[in-house]
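One structure is given below, encoded as structure tokens.
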Amino acid sequence: AQSVTQLGSHVSVSEGALVLLRCNYSSSVPPYLFWYVQYPNQGLQLLLKYTSAATLVKGINGFEAEFKKSETSFHLTKPSAHMSDAAEYFCAVSDGSASKIIFGSGTRLSIRP
Amino acid sequence: DVKVTQSSRYLVKRTGEKVFLECVQDMDHENMFWYRQDPGLGLRLIYFSYDVKMKEKGDIPEGYSVSREKKERFSLILESASTNQTSMYLCASSYGSGPRQTQYFGPGTRLLVL
């Protein structure tokens with residue numbers, strides 16, 4: 001069965017610092033992986049997704065993620081945090097069939113001025 | 001742009017009431033989903049639908065039912081609301097089949113059951 005684990009329910013960084021949000025996955029088939037972001041009082045929106053075309057995936061708002069099969073990881077990074085990046089971030093994996101995806105428990109990112 | 005709308009942003013109901021949550025998408029998507037979101041648990045799938053009049057149980061269907069009479073509309077029904085159904089409910093839709101499809105989400109309905 002497919003699953004994702006997000007390490008750290010809350011991450012706090014200073015404005016301008018590196019953002020690193022960790023995600024490890026488990027999948028019995030080649031995975032498709034997603035990062036979604038949820039800003040306060042809003043639904044989720046797609047940041048980026050890995051669909052096996054390239055291991056380094058670039059998304060919106062300067063975020064990127066690298067698929068590492070040997071480490072079963074798909075960590076999300078941004079070189080320089082901005083106050084507007086404060087949100088909750090969800091890693092997700094396709095369940096291997098049809099269109100269902102399985103979400104991690106989320107990481108809340110706070111940005112210190 | 002894909003737009004997914006949900007009928008209410010906030011809802012307060014009494015225990016035992018029948019509750020309807022409505023979701024409408026405007027991009028002719030085949031797939032629609034209902035999730036509930038609780039702190040520390042992420043999103044959990046309640047029900048989903050691949051086509052009109054078709055529905056499949058997700059991970060936590062107990063206490064819920066759904067209806068999809070038209071392609072653009074997917075309703076979540078709480079037959080007899082209970083306090084443990086207090087949560088944020090999110091609707092999503094996606095196009096086509098296969099595991100790489102992006103899901104598009106509505107803004108959510110925050111339900112409080114007293």
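The values are calculated or read from the model by the stated rules, or taken from the named source; none is laboratory data. The structure presented is a predicted model; accordingly, all values stated were derived computationally and were not measured. As a convention, Cβ positions derive from the backbone with ideal geometry for all residues, glycine included, and neighbour counts pool all protein chains shown. Note: areas computed on protein heavy atoms with side chains; ligands, DNA, RNA excluded. Shrake-Rupley method; radii C 1.70, N 1.55, O 1.52, S 1.80 Å.
Give the residue list of trypsin sites (Lys or Arg not before Pro) in region B:2-65 that are DSSP loop and have at most 13 other beta-carbon atoms within 10 angstrom.
B:Lys3, B:Arg9, B:Arg14, B:Lys18, B:Lys53
Which log10 I(q)/I(0) values, to two decimals, does the protein assembly as shown give at q = 0.09, 0.10 Å⁻¹ under the Debye formula with one point per Cα?
The Cα Debye sum returns log10 ratios of -0.36, -0.45.
Could you name every residue in region B:63-106 that has 40 Å² or more less accessible surface in the full protein assembly than in its own chain alone (probe 1.4 Å, ligands and nucleic acids excluded)?
B:Pro99, B:Arg100, B:Thr102, B:Gln103, B:Phe105
Only sites in a loop by DSSP and with at most 12 other Cβ atoms within 10 Å count here; which chymotrypsin sites (Phe, Trp or Tyr not before Pro) in region A:4-113 make the cut?
The qualifying sites: there are none.
Could you list, in their original order, any pairs among B:Lys13/B:Lys71; A:Lys68/B:Lys3; A:Lys100/B:Lys3; B:Lys18/B:Lys53; A:Lys49/A:Lys100 whose Cα atoms are separated by more than 26 Å?
Among B:Lys13/B:Lys71; A:Lys68/B:Lys3; A:Lys100/B:Lys3; B:Lys18/B:Lys53; A:Lys49/A:Lys100, the Cα-Cα distance tops 26 Å for B:Lys13/B:Lys71; A:Lys68/B:Lys3.
Using the basic label-point model (7 angstrom from Cα toward the beta carbon), what is the B:Lys18 to A:Lys68 distance in nanometres?
Rounded to a tenth, the inter-label distance reads 5.4 nm.
If you place +1 on the Cβ of every Lys and Arg and -1 on the Cβ of every Asp and Glu, how big does the dipole about the Cα centre of the protein assembly as shown come out, in debye to the nearest 20?
Value, rounded to 20: 160 debye.
Treating the beta-carbon of each Lys and Arg as +1 and of each Asp and Glu as -1, no other charges, what is the dipole magnitude of region A:24-92 about its Cα centre, to the nearest 20 debye?
My answer is approximately 160 debye.
Evaluate chain B: find the radius of gyration of its Cα atoms, find its Kirkwood radius, and give the ratio Rg to Rh.
Ratio of gyration radius to Kirkwood radius: 0.95.
Between B:Met88 and A:Ser26, what FRET efficiency comes out of the Förster formula 1/(1 + (r/R0)^6) with R0 = 22 Å and r the beta carbon distance, rounded to 0.05?
0.25
Between the DSSP loop rule and a limit of at most 16 other Cβ atoms within 10 Å, which GluC sites (Glu not before Pro) in region A:11-83 are left?
Those satisfying the criteria are A:Glu15, A:Glu71.
Leaving out ligands, DNA and RNA, and with a 1.4 Å probe, what % of the accessible surface on chain B is carbon or sulfur?
50
So if I place +1 on the C-beta of Lys and Arg and -1 on the C-beta of Asp and Glu, and nothing else carries charge, what would the dipole magnitude of chain B be about its Cα centre? I want it in debye, nearest 20.
So the magnitude is around 220 debye.
Give the accessible surface of chain A per residue, rounded to a whole number of Å², with probe radius 1.4 Å and ligands, DNA and RNA excluded.
Accessible area per residue, chain A: 45 Å².
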